[in-house]
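Quick notes on the structure that follows.
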Amino acid sequence: MQRLAQAHDEDEGVRSVCLTRFDGGRAVSAADEVVCEEPLEIRLDGAALAVVMRTPGHDEELATGLLVSEGIVAGAGDLVSVRHCTVAERAEADGNVILARLRPGLAVDLAAVRRNLYASSSCGVCGKETIEKALAAAPPLDDDAVFPAEMFYALPARLRAAQNVFARTGGLHAAGLFDAAGGLVAVREDIGRHNAVDKIVGWAARSGRLPLTGHVLVVSGRISYEIAQKALAARLPVVAAVSAPSSLAIELAENAGMALVGFLRERRLNVYGDRRRVVG
């Protein structure tokens, strides 16, 4: 039996706040728990690389996963260390800066990396060019995994049952990694869908689990191009969601040999991309 990799400190992603609740015409002062959102600055070999808005927790996995899923490094072996900065330059930066160090002899073009990280919505970049770039960084899958449609029906409920912080706050996305039998292997929550996926990829990289052949990624919300691209980088053959995939995500999946399972609700689902991966 595989041990479920789950959040070990749920409280760091939650804040208590005061509110006024109206029930009919009566106002009542109360307290509530809300999801925490804070910036995380990721530095690579001392240079600022990116700032992401995230829910604190598993920050090392988030940084590692982003570096892997964006093709900046091939895996955790390219990194000597990934850790929080121990000396905050200002009070608000305490706990919100991650330092990643490349292994000796490995260098990256930081200027090019920064451009790539911020270019997803740039003018003049067409879908075809975007997909060609993704496939250059992560070629089509060499994975013959096939999954029965019946297996997928229970996955959203299994993921939802493991969303402990969502149950407290109602304000988080989640990504769950499932094995070929539908068993939940790892789950991560974050205010950002992309961050939750990066945390899963980072966990897998740091655990020596990449590539994730023969596994399924289930995400809350929709399947955007960025989600599909990150899944491809981790070599996942299937991404599933209760909502819809985008047209560009489907086009990437078709070219990469990946299946996208959308509208996974009750006992219904749609399969896009490489539809041969899901069988009746």
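Tabulated values for the structure
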{"quantity": "Residues within the range 181-196 that are among the hydrophobic types (A, V, I, L, M, F, W, C), surrounded by 24 or more Cβ atoms within 10 Å (Cβ to Cβ) and closer than 16 Å to Leu40 by Cα, tallied", "calculated": "1"}
{"quantity": "Residue within the range 195-205 that is out of contact with any Asp or Glu (no Cβ under 7 Å at 6 or more places or on another chain) and not in a helix (DSSP H, G or I) present", "calculated": "no"}
{"quantity": "Selection count where residues are at pLDDT 95 or above and either farther than 13 Å from Ala175 by Cα or in a loop (DSSP other than H, G, I, E, B) (or both), scope the range 211-228", "calculated": "5"}
{"quantity": "Count of the range 255-273 residues which are at pLDDT 95 or above and either in contact with a His (Cβ under 9 Å, 6 or more places away or on another chain) or outside any strand (DSSP E or B) (or both)", "calculated": "4"}
{"quantity": "Filtered residues of the range 29-53 (kept if under 27 Å from Gln163 (Cβ atoms), in contact with a helix residue (DSSP H, G or I) (Cβ under 7 Å, 6 or more places away or on another chain) and not in a loop (DSSP other than H, G, I, E, B))", "calculated": "Glu33, Val34, Val35, Leu40, Ile42, Ala50, Val52"}
{"quantity": "Qualifying residue in the range 71-86 (condition: assigned to a helix (DSSP H, G or I) and farther than 25 Å from Ala174 by Cα)", "calculated": "yes"}
{"quantity": "Test set (1) within 15 Å of the chain's Cα centre (by Cα); (2) modelled with pLDDT under 95 - Val238 fails condition number", "calculated": "(2)"}
{"quantity": "Extreme residue, surrounded by the most Cβ atoms within 10 Å (Cβ to Cβ), among residues of the range 232-276 that are within 18 Å of Leu66 (Cα to Cα) and in contact with a helix residue (DSSP H, G or I) (Cβ under 7 Å, 6 or more places away or on another chain)", "calculated": "Val239"}
{"quantity": "Count - residues of the range 24-57 that are within 25 Å of Asp11 (Cα to Cα), in contact with an Asp or Glu (Cβ under 8 Å, 6 or more places away or on another chain), surrounded by 16 or more Cβ atoms within 10 Å (Cβ to Cβ) and aliphatic (A, V, I, L, M)", "calculated": "1"}
{"quantity": "Qualifying residue in the range 195-204 (condition: modelled with pLDDT of 95 or more and over 23 Å from Ala249 (Cα atoms))", "calculated": "yes"}
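Conditions tested, residue by residue: (1) modelled with pLDDT under 95; (2) touching a Ser or Thr at 6+ places or on another chain (Cβ under 6 Å); (3) surrounded by fewer than 17 Cβ atoms within 10 Å (Cβ to Cβ).
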| position | (1), (2), (3) |
| --- | --- |
| Val87 | yes, no, yes |
| Leu102 | no, no, no |
| Ala111 | yes, no, yes |
| Tyr118 | yes, no, yes |
| Lys133 | yes, no, yes |
| Arg158 | no, no, yes |
| Leu177 | no, no, no |
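The values are calculated or read from the model by the stated rules, or taken from the named source; none is laboratory data. Predicted, not measured: the structure shown is a model, and the values here were computed from it. Reconstructed Cβ throughout: ideal geometry from the backbone, glycine too, with neighbour counts over all protein chains shown.
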